[in-house]
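The values are calculated or read from the model by the stated rules, or taken from the named source; none is laboratory data. Being a predicted model, the structure only gives us computed values, none of them experimental. Reconstructed Cβ throughout: ideal geometry from the backbone, glycine too, with neighbour counts over all protein chains shown. Just the protein is used for accessible areas: all its heavy atoms, side chains included, with ligands, DNA and RNA removed. Shrake-Rupley method; radii C 1.70, N 1.55, O 1.52, S 1.80 Å.
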Amino acid sequence: MTDEHLDRLVRDADPYRPDVIGHLDGAKQTLLEEIMSVPTLQRVLEPPPPHPTTPRSIVRRSAGALAAAALFAGILAVPAMLPDHRDDRQAVPAGTPIVYSAAAIKAAEENPRLLINQPGWTVTTVYGFAKQQGTIAFRNGQAELEMNWYPADAYDDFYADRLRASKPEPVTIDSWSGHLFTYSAGDFAVTLRPRDGVFVELRTRSRWTRDTFERLLTDVVRVDARTWLAALPAEVVTPDRVAAEAAIALADVPLPPRFDIAALGHIGINDPYQFGTEVTGSVGCAWVSEWLRAKRIGDDAALKQASDALLSSHKWRVLHQMNDKGDWPEVFWGIADKVAAGTPPTGYVQALGCD
């Protein structure tokens, strides 16, 4: 990958270019801003068009994973109908022996846990849930609804931006107050007020009318942690499965010195594609750090080891499995090649999501 190609991939994800403004919102904006080294949510995008084109997913959650990440094959329906009572309603069928780790329960409890209490809706994308920020998307036929949440201190900027779309209309979703904004006759958003340190924005995607959206809002409910976890597709990697799944993903990947797979437990809950970006991004960051250390002290052996490891990424099975679903592998390979060639690209920290 050339400098121009790598720059283009990142530039294409830049929401501040005139030809891109309006095509991304919500979690896409926040994450893309991290690529561009802009403080999160300092700038908010113009409202997107009614039917924005979903770009190929590029980079990991903590460094620019586009919110509309590739859909994964196995989809588990959201529980068809939840009991008709309020506030963290219990919906796990009686007698069903579902056991979740303390880490998985904690990750779910620290986030809004909203589901659609209608038959036919399925979860298609999920990631984040690590730092008061995450995304979950649902689909029913041609209709799609995305829920994104962010730290409460970003609410004022979001709300002010949405005022440019329309006059706010008060709504309540399962006792949670917010405002509905209308972008067009078939494009809507609901921004819920901060609660428990976060706020949520619900955004329509294709094939909506005002009536169908308003009816749906009456069936969006907040559930308990176990119900929310039970609604996720089996392919989603929860914190209790991170170590085992990471070991599988990294089976043919050379690990950097002192790299601890167990330390990946902080990455939250992610669908397979986003999990892959988190895991390989962590390995890539560690190898780049090792390359820089070796270069600084003149350790030629360690420098070659790091270069060889990064170049070997072109053969990593996990990246090839992801390559038809998004652009993360190409971004990773582009950075790896540049580092191995002795010229770490500017912005690699943001691009790989290095801490």
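Based on C-alpha pairs under 8 angstrom that are at least 6 apart in sequence, segment 102-231 has a relative contact order of 29 percent.
Using heavy atoms of the protein chains and a probe of 1.4 Å, the accessible area assigned to Val349 is about 50 Å². Looking at segment 241-352, the accessible area is 41 square angstrom per residue; that uses a 1.4 Å probe and ignores ligands, DNA and RNA. Judged by the gyration tensor of its Cα atoms, with axes a ≥ b ≥ c, segment 241-352 is prolate; a/c meets the 1.5 cut and a/b is the larger of a/b and b/c.
Mind checking which of Ser177, Ala154, Thr124 is farthest towards the positive end of segment 102-231's charge dipole, using Cβ charges of +1 (Lys, Arg) and -1 (Asp, Glu) about the Cα centre? Most positive-ward Cα: Thr124. Per residue, segment 102-231 exposes 36 Å² of solvent-accessible protein surface, assessed with a 1.4 angstrom probe and all protein chains in place.
Mind running the shape call on segment 102-231? Use the C-alpha gyration tensor, a ≥ b ≥ c as the square roots of the eigenvalues: rounded below 1.5 for a/c, prolate if a/b tops b/c, oblate otherwise. Oblate is the answer for segment 102-231, as a/c is 1.5 or above yet b/c matches or exceeds a/b. Counting lysine pairs in segment 241-352 whose alpha carbons fall under 19 angstrom apart, excluding pairs fewer than 8 residues apart on the same chain, gives 6. Of the solvent-accessible surface of segment 215-263, computed with a 1.4 Å probe and all protein chains present, 55% belongs to carbon and sulfur. Put Lys325, Lys315, Lys304 in order of accessible area, highest first, and with a 1.4 Å probe you get Lys315, Lys304, Lys325.
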